[in-house]
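J.: This structure is in structure tokens; I'll ask about it shortly.
The values are calculated or read from the model by the stated rules, or taken from the named source; none is laboratory data. Keep in mind the model is a prediction, meaning the values are calculated, not measured. FYI the Cβ positions are ideal-geometry reconstructions off the backbone, even for glycines, and counts take in every protein chain you see. Each accessible area value is taken on the protein alone, full model and side chains, heavy atoms only, with ligands, DNA and RNA left out. Shrake-Rupley method; radii C 1.70, N 1.55, O 1.52, S 1.80 Å.
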Amino acid sequence: MKRIWLIGCFLIFVLPVRPATLALHPVLTAKLAPGVTMLTGISPEVGDKLTELPSDVVFQKSDTITLSGEGTVVAICYLNVPRFQTASFKVEKGVQARLFLDDKPVKPDTSLVFETGGHMVTMLLKGKPAAEGAEPVTIDGLEASIKVRAERPFSHLDYTRMVSPGYFIASRDGGFVAVILSKRDKKGERQGSLDVIRLDGEQIQSHEIEGARQPVFSSDNKRLYYVIGKKIMVLDLDSMDQCLVRLMEKPISGLTVSKDGRFLYFIVRDRFKQKKKGDYSLWTRMEQKRPEWLSKSFLFSLSTDGVVLRKLYGPVSISAYDLRKNHVVLSLSEDIDRYPWSSFRVVDLNLETLAAQQVGAYSRSFDEVKYLDDKTVLFISQRRPYREGQQTNYYDKALFTLDMESGEIHCVSSDAMFSPGIDIIYTRQTSDTLQKVKDGEVMFIATLDGKGAVFRYKDGEVSKVDMPGGVVNGFCPTAAGTLFQSSAIDQYPSLYLEKKKVVDFQDTSLEKGELAPFKEFTFKSKNGYKIHNSLVYPANFEPGKTYPLIVFYYGGVIPCGPVFHPTFQWLSGNGYFVLLTTPRGAIGRGEKFAAEHANEWGEKSAADLIEAAAYTAKHEPSVDGERMGAYSGSYGGFLAMSLATKTTLFKALISEYGISNITSYWGAGYWGYLYGMTALAGSYPWNARDVFVDKSPLFHADKIKTPLLLMHGDADTNVPVVESDQMFTALKVLGKKTAYVRFFGENHGMKGKFSNWIAQEGFVMAWFDKYLKNDPAHWNYLVKEIEVKPEHKPFKDYFFYGEKAHDKN
């Protein structure tokens with residue numbers, strides 16, 4: 001048994017032979033006056049607790065600290081835990097103690113759970129031990145290394161502290177930027193706010209507005225309009241005073257402001273009610289499968305004084321719109337009951353007369369539109385128009401021009417490798433795709449080789465814009481230069497002006513786990529394609545040692561890129577190499593590469609994943625090729641099942657909300673037949689048994705030898721939960737190594753609740769630890785914690801069925 005003693009601001013780590021004494025990080029030497037509530041290095045969660053203490057809190061800095069019974073001593077330390085462990089926290093009689101493990105309060109005499117990786121321990125101590133020489137507080141049964149400074153790997157503590165920047169927009173002069181920020185509260189729930197930042201030379205000033213979204217600057221750089229709930233608000237950028245413009249009856253989207261500053265424009269999406277008769281529904285059209293089929297859109301204008309509100313157009317389904325002078329170009333779609341299940345048209349709306357003229361009807365979507373000049377509109381659409389049976393990838397996009405007079409369209413990036421818009425796994429696009437610089441010049445963002453790239457369209461030519469490093473997922477041109485939002489696996493998202501970092505969104509007053517480094521590499525696969533990869537190194541990597549490898553991928557139409565995401569750093573912090581790779585079928589690497597997704601269903605993508613893992617193990621000496629696992633979700637979850645039927649290279653696999661039977665996925669959910677327009681081009685259960693049966697993992701479950709963990713949300717409307725249900729049934733009947741985690745009320749992705757996200761990752765780690773590290777402790781703990789224990793309470797009174805009746809007395 002090993003024991004950690006916590007003495008004031010000291011930790012004593014007792015080994016079997018002799019103890020070693022380490023001093024904790026000294027925080028402050030002072031006596032807090034009433035009202036002082038925060039300390040550098042202590043998070044708000046712990047800081048809030050300090051407000052409950054008396055004003056005599058003392059932070060001692062001396063080498064020797066004893067509890068004299070006077071004042072309250074604060075101690076902080078950092079632990080690196082080599083493996084999953086449980087321990088106990090005990091407080092000696094006569095001592096009042098509060099302990100916070102990773103900012104969460106822990107009651108005395110309760111079990112502590114330490115996952116592999118870094119942890120922060122904060123203690124508040126008062127009083128003195130009743131027994132002479134007794135240690136005030138002990139943590140029994142923990143093996144860990146102790147750090148007196150914040151030297152620890154990235155952990156779940158960093159998840160809760162992390163600030164995630166989202167959509168941003170800048171004023172035209174570059175003086176202000178407005179960013180949507182997302183944080184976690186004490187319960188792990190996301191809290192959104194709008195940060196309005198003044199970029200004034202070297203001085204950065206910010207103004208936070210809770211719950212605000214949809215920011216848009218006036219063209220004179222004096223006002224910022226935004227939405228809170230159903231309220232349209234305006235912020236004066238000189239005084240920072242906020243005013244209500246108008247309270248709307250329904251939520252709005254797509255807020256923008258006219259160039260002259262007189263009107264606001266926005267979309268109201270309304271849901272029509274269906275008359276209900278009886279406890280059933282009658283479907284006669286395909287769109288009735290989709291949750292949003294009763295929703296329609298209206299375009300409205302509102303004077304900026306909030307007085308004049310006008311309905312301009314609707315009800316229709318508005319995909320995109322843009323303003324120019326007294327005209328609006330509208331991209332519209334309508335459900336139809338035949339392939340491709342939607343029709344598309346473009347309308348020119350005169351704002352003075354409200355006369356609407358159809359520019360044209362098309363067999364392609366118009367995802368985003370932007371006026372280039374009076375006669376020409378730039379728009380984004382799939383590279384090829386919809387045509388049944390066409391072997392193409394409809395998620396692969398291109399840039400087009402539309403002549404507003406003739407209705408003719410022309411592709412201006414037909415041979416480009418990029419795909420306009422950011423579509424990278426675990427990456428959110430944080431700006432509009434198309435942004436106008438001036439008449440005849442538009443900049444746009446695109447996916448290229450698993451990263452974001454910004455391009456300029458001018459005089460009929462497309463050219464790439466110089467950018468900062470990392471993965472750019474948003475931009476905004478201004479008179480002062482172009483702003484970019486960018487991140488990398490080892491860099492938190494930040495805001496750059498050209499290549500100079502101007503805003504770091506993380507709270508610099510809080511200590512953070514160290515981010516592990518990574519490297520990018522490519523190799524030429526057997527099929528002749530260049531495969532792009534990113535390899536994240538384990539935390540505290542030591543050359544000469546070997547480590548297990550976890551392969552993460554998507555395998556569908558979206559590439560993986562070296563973007564910052566906490567999951568990859570957390571896996572690294574638990575002692576794993578993490579390989580991010582993109583097999584054939586993803587966008588952003590040219591039309592041919594993307595089109596490989598059609599009807600492949602694990603035939604090509606699984607081969608690329610196997611080759612990528614084998615290549616990495618061969619060329620990275622520290623990767624243990626006998627301890628490799630892989631996991632992903634959705635189509636990636638399908639691929640995990642498919643890999644299990646094809647290879648024993650991986651010693652553990654995890655399928656999250658994956659597809660086991662292509663037929664039931666195609667027909668049961670609301671999305672399968674739509675995704676099938678690309679993934680099942682021209683194939684149906686009645687004409688392609690070689691796809692629907694032969695490529696479905698369920699029909700090859702008897703070939704599986706690798707332990708396979710299944711996870712699914714039971715409210716999934718995209719990939720119905722039956723996909724994991726039936727694979728679990730098959731594997732149990734066959735006596736295979738498997739387990740199945742069902743998340744109640746979770747839809748696709750299983751991240752509706754933060755607690756479920758953390759639990760999901762806990763199961764991932766426990767499964768890989770069990771089979772890649774030969775350490776089942778974490779898995780066994782989880783199984784024991786959630787196992788069903790039926791309880792039976794006997795009847796108080798009962799009958800005896802025999803020769804004698806029961807005598808109660």
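J.: Would it be correct to say that residue 775 is farther than 30 Å from residue 83 by Cβ and either surrounded by 15 or more Cβ atoms within 10 Å (Cβ to Cβ) or without any contact (Cβ under 8 Å) to a residue 60 or more places away in the chain (or both)?
T.: no
J.: Go through the range 223-234 and give me each residue that's surrounded by 14 or more Cβ atoms within 10 Å (Cβ to Cβ) and either at pLDDT below 95 or charged (D, E, K, R) (or both).
T.: 223, 231
J.: Taking the conditions exactly as written (crowded, with 16+ Cβ neighbours inside 10 Å, outside any strand (DSSP E or B) and not β-branched (Val, Ile, Thr)), does residue 174 satisfy them or not?
T.: Judged against the criteria, residue 174 is a match.
J.: On the phi > 0 side of the Ramachandran plot and either open to solvent by 30 Å² or more (accessible area, probe 1.4 Å) or at pLDDT 95 or above (or both): does that describe residue 682?
T.: Spelling it out, residue 682 is indeed on the phi > 0 side of the Ramachandran plot and either open to solvent by 30 Å² or more (accessible area, probe 1.4 Å) or at pLDDT 95 or above (or both).
J.: Just one of 399, 378, 434 is more than 18 Å from residue 362 (Cα to Cα), open to solvent by less than 60 Å² (accessible area, probe 1.4 Å) and touching a Leu at 6+ places or on another chain (Cβ under 8 Å); which is it?
T.: 434
J.: Out of the residues in the range 282-302 that are within 29 Å of the chain's Cα centre (by Cα) and not acidic (Asp, Glu), state the one that is farthest from residue 315 (Cα to Cα).
T.: The qualifying residue farthest from residue 315 (Cα to Cα) is 289.
J.: Kindly provide the set of residues from the range 269-309 that are of a type in the set (Gly, Ala, Ser), assigned to a loop (DSSP other than H, G, I, E, B) and free of Cβ contacts under 8 Å to residues at least 40 places away in the same chain, ordered by number.
T.: 278, 281
J.: Just the residues that are surrounded by fewer than 24 Cβ atoms within 10 Å (Cβ to Cβ) and outside any loop (DSSP other than H, G, I, E, B), please, taken from the range 568-588.
T.: The one that is surrounded by fewer than 24 Cβ atoms within 10 Å (Cβ to Cβ) and outside any loop (DSSP other than H, G, I, E, B): 578.
One line per residue, one yes/no per condition, for (1) aliphatic (A, V, I, L, M); (2) in a helix (DSSP H, G or I); (3) in contact (Cβ under 8 Å) with a residue 40 or more places away in the chain:
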position: 658; (1), (2), (3): no, no, yes
position: 666; (1), (2), (3): no, yes, no
position: 678; (1), (2), (3): no, yes, yes
position: 683; (1), (2), (3): no, no, yes
position: 719; (1), (2), (3): yes, no, yes
position: 728; (1), (2), (3): no, yes, no
position: 749; (1), (2), (3): no, no, yes
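J.: Which residue out of 383, 387, 345, 364 is buried (at least 20 other Cβ atoms within 10 Å of the Cβ), more than 30 Å from residue 180 (Cβ to Cβ) and modelled with pLDDT of 95 or more?
T.: It is 383.
J.: I've got another one for you. Pick from the range 589-644 the residues that are acidic (Asp, Glu) and open to solvent by less than 10 Å² (accessible area, probe 1.4 Å): which of them is farthest from the chain's Cα centre (by Cα)?
T.: Checking each candidate, the answer is 600.
J.: Moving on. Could you please let me know if residue 562 is part of a loop (DSSP other than H, G, I, E, B), open to solvent by 20 Å² or more (accessible area, probe 1.4 Å), closer than 30 Å to residue 119 by Cα and modelled with pLDDT of 95 or more?
T.: no
For (1) at pLDDT 95 or above; (2) open to solvent by 60 Å² or more (accessible area, probe 1.4 Å); (3) within 28 Å of residue 667 (Cα to Cα), each residue gets a yes or a no:
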| position | (1), (2), (3) |
| --- | --- |
| 693 | yes, no, yes |
| 701 | yes, no, yes |
| 725 | yes, no, yes |
| 740 | yes, no, yes |
| 751 | no, yes, yes |
| 769 | yes, no, no |
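J.: Suppose the filter is surrounded by 15 or more Cβ atoms within 10 Å (Cβ to Cβ), under 26 Å from residue 514 (Cβ atoms) and in contact with a His (Cβ under 9 Å, 6 or more places away or on another chain); does residue 84 pass it?
T.: In short, yes.
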